[in-house]
Amino acid sequence: MSAAGSFLGALLAAGLWAAAPAPPPAPEVPVYKAPVLVRAMGFAARYKSGKVLTSWKRYKRADFRSYKLVRSSTMHDPVFPENGEIFSTSQATVTAFEDGAVDPGVWYYRLCIITKTGERWVSPVVEVKAVSETVLGNMPKDKDFE
């Protein structure tokens, strides 16, 4: 037996040699069920003075985990987590959000309610047209017509 082999054998016999520690387990990725449209949420979104104001009814069931508000300029049917979120809260009493980061264009907003069992209750999508304040300021007024 070589010197190296006898050295490892001695370490093993003495219990001083240990295998490398196992890597930590990968974080669990939540599994969400298919989204289900729920019109009763009363989700609304409207553009006002460069912002989009959103509101909805409070979800009262005990299985509530969070609200997730999604927005897209390209997806007509955005949903969490596929489209990310612009707002999230685990407070069921929070029923409004003001989106102040809206560029001019057409935006699609949707509220998703996530339950403790992975259900995704989703509102109908609301299309919002954001207009540049410059355009609004240049729009003809009543005085411009006879």
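The values are calculated or read from the model by the stated rules, or taken from the named source; none is laboratory data. Keep in mind that what you see is a predicted model, and the values were worked out from it rather than measured. So basically every Cβ, Gly included, is an ideal-geometry build from the backbone, and we count neighbours across all protein chains shown.
Among the residues of region 137-144, is there at least one that is surrounded by 17 or more Cβ atoms within 10 Å (Cβ to Cβ) and in a loop (DSSP other than H, G, I, E, B)? It would help to see each step written out before you state the result.
In the first step, residues of region 137-144 are kept if they are surrounded by 17 or more Cβ atoms within 10 Å (Cβ to Cβ); the result is none.
Among the residues of region 137-144, not one is surrounded by 17 or more Cβ atoms within 10 Å (Cβ to Cβ) and in a loop (DSSP other than H, G, I, E, B), which makes the answer no.
Per-residue answers, yes or no, for (1) at pLDDT 95 or above; (2) under 19 Å from V102 (Cβ atoms):
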{"site": "A14", "(1), (2)": "no, no"}
{"site": "A34", "(1), (2)": "yes, no"}
{"site": "R39", "(1), (2)": "yes, no"}
{"site": "K57", "(1), (2)": "yes, no"}
{"site": "S66", "(1), (2)": "yes, no"}
{"site": "R71", "(1), (2)": "yes, yes"}
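Checking each residue in region 102-123 for being assigned to a loop (DSSP other than H, G, I, E, B), under 14 Å from A45 (Cβ atoms) and free of Cβ contacts under 8 Å to residues at least 60 places away in the same chain picks out only V102. Residues in region 60-83 that are surrounded by fewer than 16 Cβ atoms within 10 Å (Cβ to Cβ) and of a type in the set (S, T, Y): S73, T74.
Among the residues of region 84-96, just one is over 12 Å from L111 (Cα atoms), surrounded by 12 or more Cβ atoms within 10 Å (Cβ to Cβ) and touching a strand residue (DSSP E or B) at 6+ places or on another chain (Cβ under 6 Å), namely A92.
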